[in-house]
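*Asks:* One structure, pasted below without further comment.
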Amino acid sequence: MPRPDFLRTIVESQHRFPDDAACRDYLFACRWPEGFRCPACSFELPKRFLRECSSCHHQVSVTAGTVLHKTRTPIHLWFWAAYQTSTGTPGISALQLQRQLGLKRYETAWFMLHKLRRAMVAPERSPLSGLIEVDDAYVGCSDSGRVGGRDAFGAATIVITAVEVLGTGSGRIRMEAVDDLSADALCGFVQDNVLEGATVRTDAWQGFKRLSRLGYDHQPTSLRAEWMVGKDNALALPHVHRVISNFKTWLRGTYRGVSDHQMQVYLDEFVFRFNRRRTPMAAFQTLLGIGSRRPPPTYEEVKDPCTNRRSSSTGH
């Protein structure tokens, strides 16, 4: 059975996925293109929604291990939501999704979007490599209200960003919300997201000094030494500043407001979109959880997410 191709328009997606049966067929073709065999004893099983091996009686559902597992919402609505989320450049809000899918409750659309967002981070993703730019930014307030330096203002969230530099363009990115700009937070972020031995460009903030001792080719740029104080700091680290600016524009344009404890989820969504901007097929299947080894999040996990922030008290 050939693996299905990607849908290029929303009209085509609605024709391909008119009901739950068509969606289950698609899931089967994607997950088992060569036919299904029992994971317990390798006995070949027929194509049904719930498969029970006639040899060892092991049961497997076509939605097991995906975001659709045990859902009460029609599966074809999940498919349409995943298509909208993976292909729409600016993203979609829960209110917009509720209207487009005809859902009665806003909470249903909100939960669907957050489950899809939590499928956007692959635990086995490879670290950034080559030449990397790293910098911090404050998200959630105007930079004009800051006194200067690294002082946070108001309810702003501190975000660290790393970007692969590919000539004049950008490769993959990583973004993370942190509690402070200590060496533990900054260097811990780099260790988690950048391959050891890579060249890392930063400004001259003292929190980055440890990178050279951690096995990185650290290349700090002093804005004062380069006569950039009072000028556009993006001249020193253009790629990472462009990504940060695009993120802020995207956040303001798509969502009315983002709570501080949910910021990491939206950072993950932006990273997911940016890194898969040329591979919509992979993005669509990743959101549905096809091929994923992680269980889908529960409502409690979505509503009260565990913070992923670093601080000087947590270390690396």
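*Asks:* Going through region 251-279 one residue at a time, which ones are in a helix (DSSP H, G or I) and aromatic (Phe, Trp, Tyr)?
*Replies:* Within region 251-279, Tyr266, Phe270, Phe272, Phe274 meet the criteria.
*Asks:* Looking only at region 83-117, which residues are buried (at least 19 other Cβ atoms within 10 Å of the Cβ) and basic (Lys, Arg)?
*Replies:* Lys115, Arg117, listed by residue number.
*Asks:* Return only the number of the condition from (1) closer than 24 Å to Leu186 by Cα; (2) modelled with pLDDT under 75; (3) basic (Lys, Arg) that Arg256 does not satisfy.
*Replies:* (1)
*Asks:* Continuing with the same structure: Regarding region 111-127, can at least one residue be identified that is closer than 30 Å to Pro220 by Cβ and of a type in the set (A, V, I, L, M, F, W, C)?
*Replies:* Checked region 111-127: at least one residue is closer than 30 Å to Pro220 by Cβ and of a type in the set (A, V, I, L, M, F, W, C).
*Asks:* I would also like to ask the following. Could you identify the single residue in Gly197, Gly188 that is within 17 Å of Tyr216 (Cβ to Cβ) and assigned to a loop (DSSP other than H, G, I, E, B)?
*Replies:* Gly197
*Asks:* Identify the single condition in (1) at pLDDT below 95; (2) touching a Pro at 6+ places or on another chain (Cβ under 7 Å) that Val194 does not satisfy, given that it satisfies every other one.
*Replies:* (1)
*Asks:* If you go through region 200-218, how many residues are free of Cβ contacts under 8 Å to residues at least 40 places away in the same chain and part of a loop (DSSP other than H, G, I, E, B)?
*Replies:* To start, the set of residues in region 200-218 that are free of Cβ contacts under 8 Å to residues at least 40 places away in the same chain comprises 204, 206-207, 209-218.
Those still in the list that are part of a loop (DSSP other than H, G, I, E, B) too: 204, 215-216.
Counting residues in region 200-218 that are free of Cβ contacts under 8 Å to residues at least 40 places away in the same chain and part of a loop (DSSP other than H, G, I, E, B) gives 3.
The values are calculated or read from the model by the stated rules, or taken from the named source; none is laboratory data. Given the structure is predicted, the values throughout are model-derived calculations rather than measurements. A quick note on method: Cβ atoms are made from the backbone with ideal geometry, for glycine too, and the neighbour counts reach across all protein chains shown.
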